[in-house]
1. Could you count how many residues in the range 145-163 are over 18 Å from Ile114 (Cβ atoms), touching a Ser or Thr at 6+ places or on another chain (Cβ under 9 Å) and surrounded by 15 or more Cβ atoms within 10 Å (Cβ to Cβ)?
2. Restricting attention to helices (runs of 4 or more DSSP H) lying wholly within the range 116-208, give those where 3 or more residues are under 23 Å from Ala39 (Cα atoms), in contact (Cβ under 8 Å) with a residue 40 or more places away in the chain and not β-branched (Val, Ile, Thr).
3. Just give me the residues in the range 9-55 being of a type in the set (S, T, N, Q) and part of a helix (DSSP H, G or I), in sequence order.
4. Exactly one condition in (1) within 25 Å of Gly158 (Cβ to Cβ); (2) part of a helix (DSSP H, G or I) is not met by Gln62; state its number.
5. For Pro72, only one of the following conditions fails: (1) in contact with a Pro (Cβ under 7 Å, 6 or more places away or on another chain); (2) more than 19 Å from Leu4 (Cβ to Cβ); (3) part of a loop (DSSP other than H, G, I, E, B). What is its number?
Amino acid sequence: MLVLASASPRRKELLIQAGFTFTVSPAHIPEEPRPGESAIAYVVRLAREKAEAVFDSRIEAQHSAHDKDADPLLVLGADTAVVAPNGEILGKPLDTDDAARMLRLLAGATHQVITGVAVVAPGSVETAAEVTHVTMLTLSESEIADYIVTGEPMDKAGAYAVQGRAARWIPRVHGCYFNVVGLPLALVSSMIEGTHRRLDKTARPTPETAAASSI
């Protein structure tokens with residue numbers, strides 16, 4: 001059973017697009033970077049903390065329900081941050097002024113979008129990160145103001161949506177496009193499929209255990 005530990009509608013849409021069947025169970029944890037923490041370490045830590053929090057609560061619920069026949073639980077956690085050209089880690093804007101500040105930082109330059117991914121399963125935790133370089137055209141103050149009025153920037157890391165109105169300002173994306181949307185699908189798919197293979201291998205009896213069980 002796959003669980004997405006995120007309330008992001010974009011991550012949900014991307015997983016559906018990739019053909020996964022899953023349920024959604026958002027995690028609620030503090031999302032502040034630690035002093036001196038790099039952007040990659042930050043998003044990977046948050047992805048793992050989200051996945052582990054949901055995994056622990058789901059496993060506890062299974063045990064309370066005595067549901068021993070439930071499918072193995074896999075929890076996918078993810079967190080995305082935008083790294084401005086000046087090195088600042090940009091999350092979601094606090095308000096419209098913060099959104100305008102972020103867009104000014106990104107306009108006319110190339111920045112990084114980094115997504116940390118974690119897959120937690122019984123006896124296993126796998127983490128990884130995807131980095132994509134995104135170039136944004138120079139923006140006027142009126143363009144920034146008009147964009148903020150649409151409301152689109154307010155729940156997006158870096159205050160823009162590459163799949164939305166801001167697409168007209170993005171001439172180049174070097175790396176995984178879906179990472180910029182919020183979930184690097186190729187990376188996530190390989191991690192989930194690899195975890196499934198390991199779980200299947202663990203559950204499958206070896207010749208030795210099969211012979212022992214028949215005695």
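Each value in this text was obtained by applying a stated rule to the coordinates, not by laboratory testing. In this text, all values refer to a predicted model and were calculated from it rather than measured experimentally. Neighbour counts are summed over all protein chains in view; Cβ atoms, including those assigned to glycine, are modelled from backbone coordinates with ideal geometry.
1. The qualifying residues number 3.
2. On the way: elements: 141-149, 177-181, 185-203.
Those helices (runs of 4 or more DSSP H) span 177-181, 185-203.
3. Matches in the range 9-55: Gln17 only.
4. For Gln62, the failing item is (1).
5. The single condition Pro72 does not satisfy is (2).
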